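The values are calculated or read from the model by the stated rules, or taken from the named source; none is laboratory data. No experiment lies behind these values; they were computed from the predicted model shown. Glycine gets a Cβ as well: all are built from the backbone with ideal geometry, and neighbour counts include every protein chain shown. Note: accessible area is taken over every heavy atom of the protein model, side chains too, but ligands, DNA and RNA are not part of it. Shrake-Rupley method; radii C 1.70, N 1.55, O 1.52, S 1.80 Å.
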Amino acid sequence: MSLAAHPFGDPQTVSVAGDPHDPAVVHVTWKVGAADDLTLLGIHLGVLPEDRVMLDGAIDYDDGDAKLVQQAPEVHTYLLEHVTVASGGRACPGRVEASGDLIADGADLVFTCPRPAASATVTVSTLTDLHPAYRTLATGPDGQHQVYGADAPTHDWSLGERTSMTTSTTIATSSTGSTGSSAALQIGGVLGAVLLVAVAGTRVARQRRRATPTPTPNP
């Protein structure tokens, strides 16, 4: 089956999201538009032979290309070169966390920033190096959206005010434990004081009974 580059077909997509457990982490999930786009990418990366390109520029496409290309480590390297994240003017190192069916599931890229990120600058230039007409439909938190292209490869995303759930939970647990302990000590102190008063009252009553003379009966 022969085909040419078709940047006007189903677009590639990107979703941007923060991590609920770590405010310094940004997730970017990339999905390719169609299987023949992976064929083009595979030829570009050397995963597929160059002779798959015909003299007229058409591509000799095979149904097994997608599976072969998406398993190639060169694709991971390519994604980390063409999808980048920065926050506060500093780059966030990335890694490919998971990669399966690049059409249905996509590849999950995880970027760890130097500090908690309320916003992130995400650059996407995938496939535009193959043809400048490629576009990427991107979505983010709270309904944000953007169309990436060769003329607009960078966009700022708001991730919202995020705090570490682990830290918050630890603080809450510590505070609750401290308060509970203080309350227990206070209750124990009050009960102890009541017992002391009761014991003291019993002793005083006994002393009074001993000090009071026993009345002598009349003859």
Go through (1) open to solvent by less than 60 Å² (accessible area, probe 1.4 Å); (2) over 22 Å from Ala150 (Cβ atoms); (3) out of contact with any helix residue (DSSP H, G or I) (no Cβ under 7 Å at 6 or more places or on another chain) for Leu55 and report which single condition fails.
(1)
So Thr139 clears everything in (1) over 14 Å from the mean Cα position of the chain (by Cα); (2) without any contact (Cβ under 8 Å) to a residue 12 or more places away in the chain; (3) closer than 17 Å to Asp19 by Cβ except one condition, right? Which one?
(2)
Which count do you get for residues in segment 77-134 that are assigned to a strand (DSSP E or B) and open to solvent by 50 Å² or more (accessible area, probe 1.4 Å)?
8
Quick one: which residue in Pro49, Pro93, Pro73, Pro20 is of a type outside the set (A, V, I, L, M), free of Cβ contacts under 8 Å to residues at least 40 places away in the same chain and touching a helix residue (DSSP H, G or I) at 6+ places or on another chain (Cβ under 8 Å)?
Pro49
Any idea which residue in segment 13-34 is nearest to Val53 (Cα to Cα), counting only those that are in contact with a Phe, Trp or Tyr (Cβ under 8 Å, 6 or more places away or on another chain) and of a type in the set (A, V, I, L, M, F, W, C)?
Val14
So for segment 63-75 (the condition being open to solvent by 80 Å² or more (accessible area, probe 1.4 Å) and part of a loop (DSSP other than H, G, I, E, B)), does at least one residue qualify?
yes
Based on what the data block shows, is Ala107 touching a residue at least 40 places away in the same chain (Cβ under 8 Å) and under 14 Å from Val75 (Cβ atoms)?
yes
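Condition check ((1) modelled with pLDDT under 90; (2) part of a strand (DSSP E or B); (3) open to solvent by less than 40 Å² (accessible area, probe 1.4 Å)) across all residues:
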{"site": "Ala5", "(1), (2), (3)": "yes, no, no"}
{"site": "Phe8", "(1), (2), (3)": "yes, no, no"}
{"site": "Ser15", "(1), (2), (3)": "no, yes, no"}
{"site": "Pro20", "(1), (2), (3)": "no, no, no"}
{"site": "Thr29", "(1), (2), (3)": "no, yes, yes"}
{"site": "Asp36", "(1), (2), (3)": "yes, no, yes"}
{"site": "Val47", "(1), (2), (3)": "no, no, yes"}
{"site": "Asp51", "(1), (2), (3)": "yes, no, no"}
So Ile43 clears everything in (1) without any contact (Cβ under 8 Å) to a residue 12 or more places away in the chain; (2) crowded, with 20+ Cβ neighbours inside 10 Å except one condition, right? Which one?
(1)
